[in-house]
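Some notes on the structure that comes next.
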Amino acid sequence: MTAGDEMRQQGGSKPFTPGTLEVKVRLPGEDIPESYFQCRYDVLRHPLGFPIGSERLVDDSEAIHAWVERDGVVLCVGRAHLIDASSDGSAADHAGPGASICPAFGPLQQINSQNRPSIQIRQMGTRQQGRRQGLASTVLAALETNSIQHFSAKTGFLQAREAAFSFYQSQHWQMIDSPYIIEKIGPHHSMMKQF
């Protein structure tokens, strides 16, 4: 895994021929290719009518990023960041104006050393042509492993869109708190995993 890899951007829904899958990881402070952010936008923001730029988060430079690409095309993305020891995990949904606020995680509302250090998984998404191939499981596992190694994470938290809830359950994440709606995005479930 080297910094600065150039990757082609995927346009349209062109069918893929079998090729070599590559898992790439960038640690905090390392360069992240634009094609990674383009995949985040195409999968997570564009379908909701959000503008370009809404796929960016203010702490992207402090996060671990993982993705899978085939023949230079980014198919699946995700990121993990360390939740500040004084934070309950609530945050803006994106860096731009008018961002919705994602709620706190119940277990982090009380300072508790058994849950810290904690990370949050965000911005997980897979292009249509990459779905049902185990790519999201691969990205999630890379984020979990690297979070344990780099951040010494004991627990992980995430806010799953309703459609992704069963996927995270299959990866041993447990629902916590009550379901809720994130404005402009839809129903979500907060989830947690002990590492």
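Values for this structure:
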{"quantity": "In region 93-112, residue modelled with the lowest pLDDT [restricted to those that are under 13 Å from Gln159 (Cβ atoms) and small (Gly, Ala, Ser)]", "calculated": "Ser100"}
{"quantity": "Filter result (open to solvent by 50 Å² or more (accessible area, probe 1.4 Å) and either within 21 Å of Met191 (Cβ to Cβ) or modelled with pLDDT under 90 (or both)) within region 113-131", "calculated": "Ser113, Gln114, Arg131"}
{"quantity": "Criterion (of a type in the set (Gly, Ala, Ser) and closer than 16 Å to Lys24 by Cβ) met by exactly one of Gly130, Gly156", "calculated": "Gly130"}
{"quantity": "Enumeration of residues in region 54-76 that are open to solvent by 20 Å² or more (accessible area, probe 1.4 Å) and under 24 Å from Ala163 (Cβ atoms)", "calculated": "Arg56, Arg70"}
{"quantity": "Test: Gln149 is under 21 Å from Leu82 (Cβ atoms) and in contact with a strand residue (DSSP E or B) (Cβ under 7 Å, 6 or more places away or on another chain)", "calculated": "no"}
{"quantity": "Tally of residues being surrounded by fewer than 17 Cβ atoms within 10 Å (Cβ to Cβ) and either free of Cβ contacts under 8 Å to residues at least 24 places away in the same chain or small (Gly, Ala, Ser) (or both) across region 135-162", "calculated": "5"}
{"quantity": "Residue in region 80-92 that is among the β-branched types (Val, Ile, Thr), free of Cβ contacts under 8 Å to residues at least 40 places away in the same chain and under 18 Å from His150 (Cα atoms) present", "calculated": "no"}
{"quantity": "Looking only at region 153-175, and only at residues there that are part of a loop (DSSP other than H, G, I, E, B) and among the hydrophobic types (A, V, I, L, M, F, W, C), the one that is farthest from Gln110 (Cα to Cα)", "calculated": "Trp173"}
{"quantity": "Flag for Gln110 being without any contact (Cβ under 8 Å) to a residue 60 or more places away in the chain and either among the β-branched types (Val, Ile, Thr) or out of contact with any strand residue (DSSP E or B) (no Cβ under 9 Å at 6 or more places or on another chain) (or both)", "calculated": "yes"}
{"quantity": "Condition check for Ser178: modelled with pLDDT of 85 or more and assigned to a strand (DSSP E or B)", "calculated": "no"}
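The values are calculated or read from the model by the stated rules, or taken from the named source; none is laboratory data. Remember, predicted model here, so these are calculated numbers, not experimental data. When we count neighbours, we look across all protein chains shown, and the Cβ atoms used for this are built from the backbone with ideal geometry, even at glycine. SASA here: full protein model, heavy atoms, side chains in, ligands and nucleic acids out. Shrake-Rupley method; radii C 1.70, N 1.55, O 1.52, S 1.80 Å.
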